[in-house]
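What follows is calculated from the coordinates using simple rules that are stated; it is not laboratory data. Model, not experiment: these values are computed from the prediction. Using ideal geometry, Cβ is built from the backbone for each residue, glycine included, and neighbour counts are taken over all protein chains shown.
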Amino acid sequence: MSVTQTAKKISAMEIRGALDIAIAATEALERELKGLKGTTNSQIKQLKKAGTTLKKARPSAISLPNAVNYVIHIAEENRDLIDKEFRRKTREDVREFIREQKESLHKIAEYGANLIEGGDTLLTHCNSDTVVEVFKKAQEDGKRIEVLCTETRPRHQGYLSAKALSKAKIPTKLIVDSAVHYAMKEYNVDKVFVGADTVFSNGYVINKIGTSQVALCAKHMEVDFIVATETIKFSPESVHGKTVEIEMRDPGEVTKLSGVEILNPAFDVTEAEYVDSIVTEKGVIHPSAVYQLIKEEFGWMFTEND
Ligand code: RI2
């Protein structure tokens, strides 16, 4: 699949989930590298152009530009290599980066599962592969758990979570988004786990629309609200105050109602005070520790003056 085709699939959400879009973009650039020609400088230029196409595919998940920027960083590090050797070494480094991202998922599953106790009733919103892996690991560890999944209007990604969990033989219930408060009370939810599309240096989390309402309910009900995310979803630019655009998708995804303006924001922001823990591949942290972890993980993006 070409860079353009990959970008189209990401925009149309045929490829979705913040980690999967980052991996798909990285793989597309790795394939692009194979066919590059010309001087190393011109190959890097072509790679940057392809990277720009991919970055534009969706605006709210920082994992996408982070992955693209990292591939370009790798290419620039290999700038002194010539032609074939440049492509060989850069592709090898890019594949290593993809391996690391996949490995992160397993580490988060392990650390996240350690936060779950046997008998827990858990709730999740939308479809995060990372969260699904956490729940599956808890079950593999012999913990008896039950999960409530929200539908997650308008695109019903919650169905994907519910299907994946019930396939893994985890008792799963599906609720409409507006039943979250009711379900937390009626089913004694112990913990909420959600994924992330972007995490800012101040610990604020961008995730699927509705996440912040779930967090409000969790706070009110004194239920732990836990975010499971690879550090590739941390925003290094947020250290300098940059935010990300909240994607407004086609109103037709919601409904058609003549004479009414339909709004379809795809994400919202959950403030750090609603987040109890963030599970990353580097360990379980408090939102106040995000800044430090960004400095450690994205050192290649900062200068000495940062
Ligand atoms: P993983 C998804 O966005 C959801 O908001 C989900 O929580 C987040 O990405 C992280 O997903 P969308 O692509 O990387 O459905 O954990 O809009 O799979």
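In Å and from the alpha-carbon atoms only, list the Rg and Dmax of the range 45-124.
17.8, 58
In 5 Å bins starting at 0, how do the alpha-carbon pair distances of the range 228-306 split up by percent?
3, 12, 18, 18, 14, 11, 8, 8, 5, 3, 1, 0
Can you tell which of Leu64, Met1, Ala183 lies farthest toward the positive end of the dipole of the chain, using +1 and -1 charges on the Cβ of basic and acidic side chains (Lys, Arg; Asp, Glu)?
Projecting each Cα onto the dipole axis, the largest value belongs to Met1.
Once a ≥ b ≥ c are taken as the square roots of the eigenvalues of the Cα gyration tensor of the range 110-185, is the result rounded (a/c under 1.5), prolate (a/b larger than b/c) or oblate (a/b not larger than b/c)? Provide the component values of the computation, followed by the final result.
Values: a/c = 2.01, a/b = 1.50, b/c = 1.34.
Prolate is the answer for the range 110-185, as a/c is 1.5 or above and a/b outweighs b/c.
Apply the a/c threshold of 1.5 to the C-alpha gyration tensor of the range 78-157 and tell me whether it is rounded, prolate or oblate.
Numbers: a/c = 5.63, a/b = 2.25, b/c = 2.50.
Oblate shape, in that a/c is at least 1.5 and b/c is the bigger or equal ratio.
Provide the percentage of antiparallel DSSP beta bridges, counting only those with both residues in the chain; round to the nearest 5.
Working: 10 of 29 bridges.
Looking only at bridges with both residues in the chain, the antiparallel portion is about 35 percent.
Can you work out ³J(HN,Hα) from phi for every residue in the range 131-146, in order, using Karplus 6.51 cos²θ - 1.76 cosθ + 1.60 and θ = phi - 60°, giving whole Hz and x for Gly and Pro?
Going residue by residue, I get 5, 4, 5, 4, 5, 5, 5, 4, 5, 4, 6, x, 8, 7, 10, 9 Hz, with x marking Gly and Pro.
Taking just the C-alpha trace of the range 1-61, give me its Rg and Dmax in Å.
For the range 1-61, the Cα radius of gyration and maximum Cα-Cα distance read 11.7, 35 Å.
In terms of the ratio Rg/(2.2 N^0.38 Å) built on C-alpha atoms, what value belongs to the range 167-306?
Values: Rg = 17.3 Å, N = 140, 2.2 N^0.38 = 14.4 Å.
This ratio for the range 167-306 stands at 1.20.
For the range 131-201, what is the charge dipole size about the Cα centre, in debye to the nearest 20, if Lys and Arg each add +1 at the Cβ and Asp and Glu each add -1 at the Cβ?
Working: 12 positive and 9 negative charges, 45 e Å.
Dipole of the range 131-201, to the nearest 20 debye: 220 debye.
Holding the Cα-Cα limit at 25 Å, pick out from Lys8/Lys167; Lys56/Lys208; Lys185/Lys208 the pairs that are longer than that. Intermediate values should be presented prior to the final figure.
Numbers: Lys8/Lys167 30 Å; Lys56/Lys208 19 Å; Lys185/Lys208 23 Å.
With Cα atoms farther than 25 Å apart: Lys8/Lys167.
Mind listing the phi-derived Karplus ³J(HN,Hα) values for the range 206-213, rounded to whole Hz, using 6.51, -1.76 and 1.60 with θ = phi - 60°, and x for any glycine or proline?
9, 8, 2, 3, x, 4, 5, 5
Volume per residue, Å³, of the convex hull around the alpha-carbon atoms of the chain? Don't jump to the answer; show the numbers that get you there.
On the way: hull volume 42.1 nm³, N = 306.
Convex hull volume per residue, Cα atoms: 138 Å³.
Would you pull out the residues with amide H under 5 Å of Leu123's amide H, same chain only if 5 or more places away, H placed 1.01 Å from N?
Those qualifying (amide H under 5 Å, at least 5 residues apart or on another chain) are Leu148, Lys191, Val192, Phe193.
Checking a compactness column here: for the range 1-138, what do you get for Rg(Cα) / (2.2 N^0.38 Å), N being the number of residues? Write out the running numbers ahead of the final one.
Working: Rg = 17.4 Å, N = 138, 2.2 N^0.38 = 14.3 Å.
In units of the globular-protein estimate, the range 1-138 measures up at 1.21.
Which aspartates and glutamates have a Cα lying under 16 Å from the Cα of Lys173, excluding residues fewer than 8 positions away in the same chain?
Asp120, Glu146, Glu151, Glu186, Asp190
Work from the charge dipole of the range 84-126 (Cβ charges, +1 for Lys and Arg, -1 for Asp and Glu, about the Cα centre) and give the residue of Val94, Gly119, His106 farthest towards its positive end.
Of the candidates, Val94 comes out farthest on the positive side.
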